[in-house]
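The values are calculated or read from the model by the stated rules, or taken from the named source; none is laboratory data. Computed from a prediction, not measured in an experiment: that's the story for all the values here. Please note: Cβ atoms are built from the backbone with ideal geometry, for glycine as well, and neighbour counts cover all protein chains shown.
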Amino acid sequence: MKRPGMVALLSYLDAQPSENYVVIFDDLKRFARDTRFHLDLRDAFRLRGALIECLNFKFEDTPEGEFIETIMAAQGALERKQNGRQVAQKMKARMQSGYWVHAAPVGYKYEIVKGRGRMLFANGTLATMIHEAFEGFASGRFGSQAEVRRFFELHPDFPRNKKGEIPNQRVADVLNNPLYTGHICSGTYGIDWLKGQHEALISIDLFDKVQDRLKGSAKVRVRKNIGNDFAARGFVSCGNCGGPLSSSWSKGRDRSYAYYLCQAKGCASYGKSIPRDKLEGDIGALIKTLQPSQNLFELVKLMFRDAWSQRLAQAEDIVKSGKVQIKSIEKQVDALLGRIIDTTNPTVIRAYEGKISDLERSKTKLHDQLAHHITPTSGTFEEKLEPALQFLANPWKLWESGQITLRRIVLKLAFTDRITYHRNQGARTTKIALPFKALGSVLYREGSNGAPGTIRTCDPLIRSQVLYPAELRVHNQCGFSDPCDGLQALFTPKVYLNRFPPWAGRFQTGFRYHRCASGPAARRDRAPVRRQSTGPAPCPPCAPRPETA
């Protein structure tokens, strides 16, 4: 029985078996609106010795009275089903017009618009939160639905259940709801990707990326609380066994101490603690080295601006191509509709209907893509790219803030894998994210044994960041007090051609490779030098250093 009030009434009668009660209903339809339930309820009251009275109907225990009562109960059931059908028809018609009729999902709210009724509108900060959750899950910022739930928990406005919690099912409902794309889908009413009258919070492409991640991601167990005291938890692995480091607090005499430790049995570092400040301090020093030079950073900004201009020029061609594809899809749909009219086989008709549904989905996706290829406003480049470039220019600034959430974001964006950390030797060679490599911030080659290598390049902007082994020996032998002095000598326009071996005249891509003959062990260490048509000149790194310097 799904009527709580009636269940409470029957329970009360059961608790008073010695009393005789009369139950009064103001209308027969309030008694029951289902024939079977009406008869069962009559028997339930009869067993408890309770009399039933109704203001507009007289109950009689005669054959004629039971017949009339059954007819009246059937009439009530008929009216109930007719009302349900009428409501469903009106709801379907309104949804076919592009209006959502059910409860507003998180991120939307209903507002009454004159002449159009209730419509969905974006709900301020909740709408922004939903968009950020989709973007973060699609980009990998949130590795699982549990991390999305923790993100929602940071916002007090996000709706919760009676226990004050956000259930996992609510997160799944948000990530699987196509309503956020500005389209309406309803299996009940047979509506598939219909353009809605409400504002879209995300694009269809973004929704598809999230669905691909949901289908492809494995289900993993997630801790209820990973704590807010250890920023590197889950991002650092043991230097001996490669397993993830755990974290804990140890209580001393006066205060508690924070430690990271390996809990893999059989590991040489099993149970041996690493102070939190030491480990996170070493990671901070590693992050501090990711800052690129200002010259290279400005060069990259110019490259991005040129690429942005090229994309704007391509936008018009993309729109034209999209319109051609939409016309082609419409022709295919018309052809399939003609085939459906000519055939009588139900299986073939269902196949055609499925194909039409797929084509309509592709058409809707193309319309959404064309809407996003409209030429942006003048300030879009700065608004969209500047925040990302500010992070790439100085990730140490976010790490230095000390906030656990920001530190975890830096670790996710700056490294592609866990940082290997040995309790005695510190952090080993790490896999740096591609953007920092592209900016020239990683000035060594990753080796499998953890030893840093060198970059072989003729770009002076990158060369200004590092000393090659040969340059380092020249720097030590010639007594430069500052590495920049040696690099400046290597990049002076006057190129030195004397003291070179016979192969010094080779040219490779506009640069001449040379070796200083006075160096004791510079066999294969080569430095790029600009081509020069002038005569020989003394080698600046090996020339006597002025006394005034």
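Observations on the model:
- Yes/no for Ile340 being assigned to a helix (DSSP H, G or I) and touching a Leu at 6+ places or on another chain (Cβ under 9 Å): no
- Test: residue in segment 174-184 that is under 18 Å from Arg141 (Cα atoms) and surrounded by 13 or more Cβ atoms within 10 Å (Cβ to Cβ): yes
- Across segment 391-439, the qualifying residues are those that are within 27 Å of Lys301 (Cβ to Cβ) and in contact with a Ser or Thr (Cβ under 6 Å, 6 or more places away or on another chain), and the one among them that is modelled with the highest pLDDT is Phe415.
- Residue that is nearest to Leu78 (Cα to Cα), among those in segment 7-30 that are touching a residue at least 24 places away in the same chain (Cβ under 8 Å) and part of a helix (DSSP H, G or I): Lys29
- Of all residues in segment 148-164, none satisfies being of a type in the set (Gly, Ala, Ser) and within 24 Å of Arg407 (Cβ to Cβ).
- Residues located in segment 258-289, provided they are in a helix (DSSP H, G or I) and touching a helix residue (DSSP H, G or I) at 6+ places or on another chain (Cβ under 6 Å): Gly284, Ile287, Lys288
- Qualifying residue in segment 33-46 (condition: of a type in the set (Lys, Arg), without any contact (Cβ under 8 Å) to a residue 24 or more places away in the chain and assigned by TED's automatic domain parsing to the domain that holds Cys185): no
- Output for segment 142-193, where each listed residue is among the charged types (D, E, K, R) and touching a strand residue (DSSP E or B) at 6+ places or on another chain (Cβ under 7 Å): Asp192
Let's see how each residue does on (1) surrounded by 11 or more Cβ atoms within 10 Å (Cβ to Cβ); (2) on the phi < 0 side of the Ramachandran plot; (3) aromatic (Phe, Trp, Tyr); (4) free of Cβ contacts under 8 Å to residues at least 24 places away in the same chain:
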residue: Gln291; (1), (2), (3), (4): yes, yes, no, no
residue: Phe304; (1), (2), (3), (4): yes, yes, yes, no
residue: Trp308; (1), (2), (3), (4): yes, yes, yes, no
residue: Gln332; (1), (2), (3), (4): yes, yes, no, no
residue: Asp342; (1), (2), (3), (4): no, yes, no, yes
residue: Asn345; (1), (2), (3), (4): no, yes, no, yes
residue: Leu359; (1), (2), (3), (4): yes, yes, no, no
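- Every pair of residues 6+ apart whose Cβ atoms lie under 6 Å, when the first sits in segment 375-402 and is on the phi < 0 side of the Ramachandran plot and charged (D, E, K, R) while the second is at pLDDT 65 or above and assigned to a loop (DSSP other than H, G, I, E, B): none
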